[in-house]
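**Student:** Below are the structure tokens for one structure; questions will follow.
The values are calculated or read from the model by the stated rules, or taken from the named source; none is laboratory data. None of these values were measured; they are calculated from a predicted model. Please note: Cβ atoms are built from the backbone with ideal geometry, for glycine as well, and neighbour counts cover all protein chains shown.
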Amino acid sequence: MPQPPALALPRLIAHRGLSAHAPENTLSAVRAAHDAGFHWVELDVQLLGDGTPVIWHDATLKRCSDGHGRLATLDLAAVRKLDVGAWFSDDFRGERMATLSDMLALLVELDMGVNMELKVTRRRSGTELAEIVVPRLLKALPPERLILSSFDQPALQHARSLADASLLPIGVLTESVPEKWRSRCEALEAYSIHTDWTRLTARRAREIKAAGYRLLCYTPNDPAAFANRWEWGVDSAISDDPPLFTGFAPPAPPLELG
């Protein structure tokens, strides 16, 4: 069985970039994370109606732009006209939606790692998304700086068919860790499990760690409330505001050797 790459997973990952301080899933949010000293980010990728992969979380434009409509009905020319920063603050007025290519170029420039979530919204194909996104990720980034995650099982299955575990670390995303978590991870040759920190139990955390998987939690923003999760063996916290954890998070886990 292929072994995972040597991945130096940090304790803290900036959720959608430094999203407490900049508009989520934008180039500015990633630059802000880097400037604050955080070298891994979590981002979302999905497809426009013309098949262009873009860094965006919602199925619609309403929450994080000055536009309206569903991504599935739009092309790149249309979304390039949108302001995706002014909703956050005037400091980011004029920010444009990032394509996957834009974002990968920035990650390469800044030498950053990414947990890229395949965001499969209603009536969209996870298989199609993986088919388009995975080759681009693998071409741009070394496996030591990449985790691919999704809630969508077909997306992850297709991603695994495109690259083995030595080239593509896969993270299984869950809200709460299901009873049959182990079989799901084994089928995907997964590297990690990513779960809602409020739904994680000590028993399940210790099972996951004993089985040799990395354990990541989203989206804690209160370091005191999260403190006992480190004791349970959690490897990384994916936080909107990781600077809050400075002085609270334990040292990073050791380098995972392949």
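**Student:** Looking at the structure I just gave you, is L168 over 28 Å from L74 (Cα atoms) and in contact with a Leu (Cβ under 8 Å, 6 or more places away or on another chain)? Let's see the steps before the verdict.
**Tutor:** Details: over 28 Å from L74 (Cα atoms): yes; in contact with a Leu (Cβ under 8 Å, 6 or more places away or on another chain): yes.
Criteria met by L168.
**Student:** E256 versus (1) modelled with pLDDT under 95; (2) among the charged types (D, E, K, R); (3) surrounded by 13 or more Cβ atoms within 10 Å (Cβ to Cβ); (4) more than 26 Å from A33 (Cα to Cα): which is the lone unmet condition?
**Tutor:** (4)
**Student:** In region 166-196, which residues are under 17 Å from E117 (Cα atoms) and among the aromatic types (F, W, Y)?
**Tutor:** Once the filter is applied, which keeps residues that are under 17 Å from E117 (Cα atoms) and among the aromatic types (F, W, Y), region 166-196 yields only Y191.
**Student:** Any residue in region 116-128 that is under 16 Å from the mean Cα position of the chain (by Cα) and farther than 23 Å from L61 by Cβ?
**Tutor:** Among the residues of region 116-128, not one is under 16 Å from the mean Cα position of the chain (by Cα) and farther than 23 Å from L61 by Cβ, which makes the answer no.
**Student:** When only residues in region 123-148 that are in contact with a strand residue (DSSP E or B) (Cβ under 9 Å, 6 or more places away or on another chain) and of a type in the set (K, R) count, which is surrounded by the most Cβ atoms within 10 Å (Cβ to Cβ)?
**Tutor:** Applying the filter and picking the extreme gives R145.
**Student:** Next question, about the same structure. One residue is enough: does region 234-249 have a residue meeting the conditions under 15 Å from P10 (Cα atoms), modelled with pLDDT under 95 and in contact with a helix residue (DSSP H, G or I) (Cβ under 8 Å, 6 or more places away or on another chain)?
**Tutor:** yes
**Student:** Considering only strands (runs of 3 or more DSSP E) fully contained in region 1-96, which possess at least 2 residues that are among the aliphatic types (A, V, I, L, M), modelled with pLDDT of 95 or more and within 27 Å of Y213 (Cβ to Cβ)?
**Tutor:** In region 1-96, 12-15, 40-47 are the strands (runs of 3 or more DSSP E) which contain 2 or more residues that are among the aliphatic types (A, V, I, L, M), modelled with pLDDT of 95 or more and within 27 Å of Y213 (Cβ to Cβ).
**Student:** Among the residues of region 33-46, is there at least one that is in contact (Cβ under 8 Å) with a residue 40 or more places away in the chain, more than 23 Å from I238 (Cβ to Cβ) and surrounded by fewer than 22 Cβ atoms within 10 Å (Cβ to Cβ)?
**Tutor:** No, because not a single residue in region 33-46 is in contact (Cβ under 8 Å) with a residue 40 or more places away in the chain, more than 23 Å from I238 (Cβ to Cβ) and surrounded by fewer than 22 Cβ atoms within 10 Å (Cβ to Cβ).
**Student:** Checking the structure you have, find out if any residue of region 160-170 is of a type in the set (G, A, S), within 17 Å of the chain's Cα centre (by Cα) and surrounded by fewer than 22 Cβ atoms within 10 Å (Cβ to Cβ). Please lay out each step first, then the result.
**Tutor:** Of all residues in region 160-170, those of a type in the set (G, A, S) come to 161, 163, 165-166.
Now narrow it down to the ones that are within 17 Å of the chain's Cα centre (by Cα): none.
Scanning region 160-170, I find no residue that is of a type in the set (G, A, S), within 17 Å of the chain's Cα centre (by Cα) and surrounded by fewer than 22 Cβ atoms within 10 Å (Cβ to Cβ), so the answer is no.
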